Structures are given as structure tokens and as C-alpha cells.
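These notes are about the structure you will find just below.
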Amino acid sequence: MNLAILYIRVSTDEQAEKGYSQRHQKEALLKYCQQNNIAVNRVIFEDYSAKTFKRPGWKEMSSGFKLNPDTRPNLILFTKWDRFSRNTADAYLMIRSLNELGILPQAIEQPLNLDVPENKMMLAFYLAAPEIENDRRSLNTFFGMRKASKEGRYLTTAPKGYINKTDKGGEKSITPIEPDASLIRWAFEQISTGLYPTDIIRKELNKKGIKCSKSNFYRLIKNPVYSGKIRIREYKNEQEYLVTGQHTPIVSERLFKQVQENLNRQTSTRVNPADNNELILRRVLICPRCSKLLTGSRSKGRSAHYYYYHCQSPCKQRYQANIMHEFFLKELAKWKPKPEFLTLFKLVLNERHQLKMYSLINERDNLINKLQTELSRFNNARTLLLDGGLSIEEYNEIKIAYKVKTEELQHTLDKTPDHIDLFWKSIQEQERALLNLNYFFRRADIRNKTALIHAIFPSNLIFDETCFLTPVMGRAIHAIYITQ
């Protein structure tokens, strides 16, 4: 008597919960075994996709074939071949593996005698048909969701600050939820100021109730959904672009773009961890006792942290960083430009800023001309559509490209200054910086501070408790500035 395992698989969780599909398959398989005098070894119930054989029930069943060869069946019965697999390549490999173990897979509603060569053609059809059906269903789902996204609908799980909702017509969308939406808006506003590190803002947001890991927070603040946009991913010849969503934005487009610019600026201006504004003279100072370079470190006191420059050798020489910096600023205050260079400074600055001003004016004019050109092209496309020279699909593609291009141009135009007084204010600021190195040093970033130190003092400095000593002064600084 033949011994069989009955394999019952449903394609969705809903079918598994309702049970009608499982019951129908079980009744049909048991009736077939009774009519053909086949003993049933066991019944396997599966509610997993047939795209792969990595299914819990199938893996458990196949592992038993090798562990218990004595109780191995010679048949695996199922109702149809799509219950067995929806992947043609994997199905052929599995059939071969089962045959090597002396097991024959068979569909009772689509029986095939594989000893007959012509039946292999029918087997190929039975296996390929469900795979084709799956692929077509997947494509229909993909294009349906892509079309809905182009219409501005957000279809997946709502991001933080939103909840999913379904209206009376069955349309799915997202809507802001408080207080999460206000907290996320607060995070965007804080990042846009550029006053605090992004991770500090993330930690504050965690304290306020929105838990986010570092990587998830960066994905959150880079997600255009918060500005009312939906990202349409690149597909074949279609480039990635943004469309206006149907949902309510949490932040404005201007605020979102400002945050992205700040994030890009933080990435491009990342400095060496060894460069610390509180220890800016590290790797420049020489120990007056042992002539080795002084390093620096931070020490925690009762109420604050304190910074020190110190020697690592047994001499244990140490200076408070804030006192050292005050002496260094007094040293910079002694340097003033020679009188003959004052007029030259102003002429060079005026010439430089006039060139920059003319360049920006030309840039604004070019951007405005490009916007007008894009508008003219779009109007031509609209005329062609009305005259029948363009299909609606071609017109929509042109419309999307026009919107993306004009948004980019308008954003660039908004960032380009058009006020001449900004240039004169910048000239006055730079004149003051050139005339007063102390003023420049206080307001400079780490890179410019380091550059100024090396320009004035190309050799390392020695501090003798009252002033700085250096064997060589910078040639350019020495030619332009004098000490008072």
C-alpha cells in the first residue's frame, strides 16, 4: 500500500483564518486516498507563500525525510500544482530532490504520469501558469501603487507624526497626530538654526516622547513627506522626482530645504576630532621644561568642565587653557597693519566684492531667464495638447519635468541675495577683521583659527608665564603687520 503525506497550503492569512480553503483541500485529498487505497502518514497545513520552499511546514516535513528514512512516504499529495509551488525553477529542483529520495509529488486535480515524456510539457504549463499569475499580480500592484503615489497618496505605514486613516470612500491617507507632529516640527526648527548638533536635538526629542535611534532620526529629517511631498522612485527611464502629496505637511517646504542644506553643510565641514575649539593651541605649544609638544585634555570639576594644556613627560607642566587663550589674544592684539597697507586693503576688498556682486547679479538674471524659458516651453506643450499634437501621457510627463525643474530654479533663486547693502556690510566686517587680528580670531571657525596661528607663527610656540616666544615669524605677516 502506498503511503502519502497530504500537503495543504493556503495563499493568504485570511484564507487560513476562515478555514474554507483548508477544509476543501483536506476533504478532497482524503477522499482521493480512500478511493485509491492510499494510507495517510500525516497532514501538513501551510499558510505561507509558494514563491519559495523556505516555508515552515515544508522545511519541517523535508527534514524528517532524512532523519526517519524508515517512515518516509512514497507520495506527497496536494490538490493542484500551484499548491506545490509558484516558482518554476525551484519546483523542478524540488521534484528532482524528492525523486532521488523515492518520493513522488502529485496533484490530484492535475494528475501527471511523468514517465510519459509528453506529460513534461503539461507539467511545465502547470508550474509556469501560477508563476505568471503571481508576476502579473505583482506588476499590477506595483503600477497601481506607483500611480497612486503620483497622485499624491501615501500608501505605506505612516511615518512618525502621522497616522494612517481611511475615508468613507475607502481611500487611504495619512494625517498629522499631536503632540508628535508639533515635536517633529520643533526638531526641524532647531536644526534649521544651526546652533545645536543634530544628535543633541535627537536626544531632546527622545526626552519629549518621540523615541528615535540615530539612523532613524536622520531618515526622518530627510523624508520629504513632512514637507507635503511624495518621493517617486526611479524606474527604468523615469528619473526620481517629488510630487505634491494630498496629506497635510508638518513643516513648510522652505524649512525642510533649510534643514537639508544645514545637514549637507555639517557633512562637508566635518573637522578632525583632534581639532577642539577649547584646545585650539594643542600641537602648537612646546613645553618650556622638556621642549616636547604640549597636549590637552578636559577635566571635570564639581560644577563644570575645565580644559588644560599639559606635558605627558614626567615634568608635569600644566596651564589652564582659558588663561593661555587670553594671553594669546593679547598677543594678537599687538599686531596692526602697516599704514601703507591700509588703503591697499580697502581697494582689494572693494574690487573683490564688486566682482562678486556683478557675478551674483548675472547669476540671478540667468536664473530668471531659465524660469521664463521653462514657462515658455510648458505653454508650448499646453498649446500642442489642445491642438492634438501631444497625448495626455506625454503632456503629463512634460508637466512633471517642468514642475521639478522650476522648483529647483526657484529654490536657487531664493537663496541668491539681491541686496547690495549685504555686500557693503560684508566689506566693513572684513576690513575690521584685517585691521584687528584679535577680532578675527574670536569669530573664526576652527579651520581659520588654525590657519591664522600657522600664518603668524610657523614654528611652535613657547610660553614663559607672561608672553609667547617663537624663533621665526611668518614672512607675509611680518611684511604687512607690525607689533605695538
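Output the residues belonging to the range 84-126 that are surrounded by 12 or more Cβ atoms within 10 Å (Cβ to Cβ) and among the β-branched types (Val, Ile, Thr). If the condition is that a residue be surrounded by 12 or more Cβ atoms within 10 Å (Cβ to Cβ) and among the β-branched types (Val, Ile, Thr), then Thr88, Ile95, Ile103, Ile108 are the ones that fit. Looking only at residues in the range 35-56 that are of a type outside the set (Val, Ile, Thr) and within 21 Å of Thr88 (Cβ to Cβ), the one that is surrounded by the fewest Cβ atoms within 10 Å (Cβ to Cβ) is Lys54.
Scoring Met145 on the criteria (1) assigned by TED's automatic domain parsing to the domain that holds Phe256; (2) farther than 20 Å from Lys211 by Cα; (3) among the hydrophobic types (A, V, I, L, M, F, W, C) leaves a single failure, condition (1).
Only residues that are free of Cβ contacts under 8 Å to residues at least 60 places away in the same chain and within 20 Å of the chain's Cα centre (by Cα) were counted in the range 235-252, giving 4.
Residue pairs whose Cβ atoms lie under 6 Å apart, separated by 6 or more positions or on different chains, with the first residue in the range 209-222 and within 19 Å of Ser252 (Cα to Cα) and the second of a type in the set (Lys, Arg), are Phe217/Arg202. Count of the range 160-177 residues, restricted to those that are buried (at least 18 other Cβ atoms within 10 Å of the Cβ) and more than 17 Å from Lys207 (Cβ to Cβ), is 4.
The rows are residues; the columns are (1) more than 26 Å from Met357 (Cα to Cα); (2) at pLDDT below 80; (3) assigned to a helix (DSSP H, G or I).
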{"residue": "Ser376", "(1), (2), (3)": "yes, no, yes"}
{"residue": "Gly389", "(1), (2), (3)": "yes, no, no"}
{"residue": "Glu393", "(1), (2), (3)": "yes, yes, yes"}
{"residue": "Lys399", "(1), (2), (3)": "yes, no, yes"}
{"residue": "Glu407", "(1), (2), (3)": "no, yes, yes"}
{"residue": "Phe423", "(1), (2), (3)": "no, yes, yes"}
{"residue": "Ser426", "(1), (2), (3)": "no, yes, yes"}
{"residue": "Thr450", "(1), (2), (3)": "yes, no, yes"}
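The values are calculated or read from the model by the stated rules, or taken from the named source; none is laboratory data. Keep in mind that this is a model prediction, so the values were computed, not measured. Methodologically, a virtual Cβ is constructed for each residue, glycine included, from the backbone with ideal geometry; neighbour enumeration extends over all protein chains shown.
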